[in-house]
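Trainee: The structure is given below, and queries will be raised subsequently.
The values are calculated or read from the model by the stated rules, or taken from the named source; none is laboratory data. What you see is a predicted model; the values in this text were computed from it and never measured. When we count neighbours, we look across all protein chains shown, and the Cβ atoms used for this are built from the backbone with ideal geometry, even at glycine.
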Amino acid sequence: MTMKKVLQQFIEDESGATAIEYGLIVAVLSLAIVGGVGKAANAIQWLFSDSNSRLANAFAQH
């Protein structure tokens, strides 16, 4: 094989591109999940710690 043919095959090969795309999708989804869990945890903590919250008062009375 000549160097030109090897370079041409390398340029046309897209098998690694699919793995990189899947890796990027997983990374973005992971960041979204981590961010969502953090916000949900903050919201739940606020529900139980706010003294004016109906949910906190409902559990405090029983």
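Trainee: Suppose the filter is surrounded by 10 or more Cβ atoms within 10 Å (Cβ to Cβ) and modelled with pLDDT under 90; does GLY38 pass it?
Mentor: Yes.
Trainee: Which members of segment 41-50 meet the condition of being surrounded by 10 or more Cβ atoms within 10 Å (Cβ to Cβ) and under 13 Å from ALA60 (Cα atoms)?
Mentor: Hits for segment 41-50 are LEU47, PHE48, ASP50.
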